[in-house]
1. Only one of (1) under 29 Å from the mean Cα position of the chain (by Cα); (2) surrounded by fewer than 19 Cβ atoms within 10 Å (Cβ to Cβ) is not met by Asp151, so which one is it?
2. Considering only segment 168-258, give the strands (runs of 3 or more DSSP E) lying wholly within it that have at least 3 residues that are under 21 Å from the mean Cα position of the chain (by Cα) and at pLDDT 90 or above.
3. Given the conditions (1) touching a strand residue (DSSP E or B) at 6+ places or on another chain (Cβ under 6 Å); (2) assigned to a helix (DSSP H, G or I), and given that Val327 satisfies all but one, which numbered condition is not satisfied?
4. Can you say whether Pro94 is modelled with pLDDT of 95 or more and farther than 30 Å from Leu340 by Cβ, as far as the supplied structure shows?
5. Can you confirm whether Met489 is closer than 30 Å to Trp413 by Cα, without any contact (Cβ under 8 Å) to a residue 60 or more places away in the chain, surrounded by 11 or more Cβ atoms within 10 Å (Cβ to Cβ) and not assigned by TED's automatic domain parsing to the domain that holds Asp409?
6. Please verify whether Val64 is in contact with a helix residue (DSSP H, G or I) (Cβ under 8 Å, 6 or more places away or on another chain), among the aliphatic types (A, V, I, L, M) and free of Cβ contacts under 8 Å to residues at least 40 places away in the same chain, treating the condition exactly as stated.
7. Using the structure shown, decide if Ile299 is buried (at least 22 other Cβ atoms within 10 Å of the Cβ) and touching a helix residue (DSSP H, G or I) at 6+ places or on another chain (Cβ under 6 Å).
8. Run down Pro460, Pro445 and say which single residue is without any contact (Cβ under 8 Å) to a residue 24 or more places away in the chain, surrounded by fewer than 14 Cβ atoms within 10 Å (Cβ to Cβ) and of a type outside the set (A, V, I, L, M).
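The values are calculated or read from the model by the stated rules, or taken from the named source; none is laboratory data. Just so it is clear, the structure is predicted and the values come from calculations on it, not from any experiment. We place every Cβ from the backbone using ideal geometry, glycine too, and count neighbours over all the protein chains shown.
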Amino acid sequence: MTASANRSYADLHEHLDRLDRAGLLHRIDAPVNKDTEMHPLVRWQFRGGISEKERRAFLFTNIVDGKGRRYDIPVVVGALATNAEVYRIGMNVPTLADIGPAWARAIANPIAPRLVESAPCHDIVLTGKDIEGPGRGLEALPIPISTPGFDAAPYLTATCVITRNPETGIQNIGTYRGQLKSATRLGMMTLVNLRSGGYDHWRRSAGRKMPVAIVVGCPPVVAYQGPQKLPQEVDEIGVAGGLAGGPINVVRGRTVDLMVPAEAEVVIEGYADPDYLEPEGPFGESHGYVALEDFNLIIDVTAITRRKDAIITSIISQVTPSESSVVKRLAYEPMYLGFLRDTLGIRGIVRVALHEPLTNLRKVVILQFARGTPKSEIWRGLNSALTLQAVIGKFVIAIDEDIDPDNADAVFWAMAYRCNPGRDTHVVPCREPGHGPRTTGDPAPDSAMLIDATMKEAMPPLALPTRPYMENAKALWERLGLPALKPEMPWFGYSLGDWTEEWDKNAGEAARGDWMNRSESYRQRRRRGIAPNTPTRAVEGTDDDQA
């Protein structure tokens, strides 16, 4: 059987066509140096004050390197998740709100892959002498340098690394970085403390070479499996089929006994050395710091197969926001909400937000609760947020529904006025350090702080004009031809529970110009023998109230 054109999912080429039609693809035909210019150019849309909505994928068709060498394979950067809309198109769902349910359905209802005999990823098969020597093998691929000035070499970044559990036979897909070292050798980093499938399979290989297939470019529903954290006993290619609504075509590797996506752009086959590790790095990592040189896996390349019209994919990672963080955020947030709300049945939780800028999602988790949620449920949510993934949650903050979790200023505002640190915080010791900068040795256990920044009682209204006045003023602003507005929540005042009908009536009178009508009323309410700043409610209507 050959790979069928009537498959239920888009390959990378069709995905790029969709992005182009949606105005989400920049095609760069001018010469661009992959070692010094490519990633810095795309990086500017993340560090140059451009909104997420305005970010685009970049397709480079005229690539050179630091030695002036030219390459005939294009490279695309940002095509998987440079913004939420790019990711939505890759997921092939109607709206952003459909992303979470699509993942939930796919995980619950995987569809086994379909084995084919011939596939586009085998249009060109290179082995033996064809991949050995200068300018061949890995050296013939236009792999960019991600962090010029720090990275030790070009790195594979947008990978789907396929390995197999030697005990169960179940395959795993992970996204691991790969340092090019020669035409037929690369270094690969798999995180030991994240218990990644690749590392676990290498550890279980018991002195035998571990087969590896590194996919660089593939259908988006497959590419999104690598960053998603699923149990190791789950074969992600079945989950990809669940996303696609039909089986993913796979084909057997040419020199490794692994199943690879038939529509992959490039597949690098090889074996991990079972005994030796080799220095790898430095490399700018997704936590925003440079990962220094470590001993990591050695992959000896046995074959490179590719489509005749292959396109190399590369992702922007390092300091967040980045393509790497967007692809995780859009998958992790609904997964966490479903875990807390549906699996654990925590009442009142309406949203989970993972703080992205600079902190890289894992360190700051924000739980948004409906007003009136019992304190016991809030604390159940705070504690439970630490349990889904060992490395997510260093500061977990509960907020009310009127606080925008995507606005750090609003979260700090809630912490400043709705949290008593002595009463509303709790420190959890002995936490997994997770993915972060380190220097030498094993990092010491970390800890987590849980913060309840929700209202504990009714509060006075937010001190902004109420919505009708702000909406009227916005219309006036626009009639006057003033600069375009970008409203930020909160942009109008609202009650937080501590507000009476009398005060509401007084405010209405003031707005109508009738504020002087209460002059005599104020005179009659005079009191003596009390201190300034005494609330009127503490005196009026009490047994001790004497005019």
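1. (2)
2. Values: elements: 171-174, 177-182, 185-189, 210-216, 249-252.
Output list reads 171-174.
3. (1)
4. Values: modelled with pLDDT of 95 or more: yes; farther than 30 Å from Leu340 by Cβ: no.
No.
5. Against the criterion (closer than 30 Å to Trp413 by Cα, without any contact (Cβ under 8 Å) to a residue 60 or more places away in the chain, surrounded by 11 or more Cβ atoms within 10 Å (Cβ to Cβ) and not assigned by TED's automatic domain parsing to the domain that holds Asp409), Met489 does not qualify.
6. Details: in contact with a helix residue (DSSP H, G or I) (Cβ under 8 Å, 6 or more places away or on another chain): no; among the aliphatic types (A, V, I, L, M): yes; free of Cβ contacts under 8 Å to residues at least 40 places away in the same chain: yes.
Against the criterion (in contact with a helix residue (DSSP H, G or I) (Cβ under 8 Å, 6 or more places away or on another chain), among the aliphatic types (A, V, I, L, M) and free of Cβ contacts under 8 Å to residues at least 40 places away in the same chain), Val64 does not qualify.
7. On the way: buried (at least 22 other Cβ atoms within 10 Å of the Cβ): yes; touching a helix residue (DSSP H, G or I) at 6+ places or on another chain (Cβ under 6 Å): no.
Against the criterion (buried (at least 22 other Cβ atoms within 10 Å of the Cβ) and touching a helix residue (DSSP H, G or I) at 6+ places or on another chain (Cβ under 6 Å)), Ile299 does not qualify.
8. The match here is Pro445.
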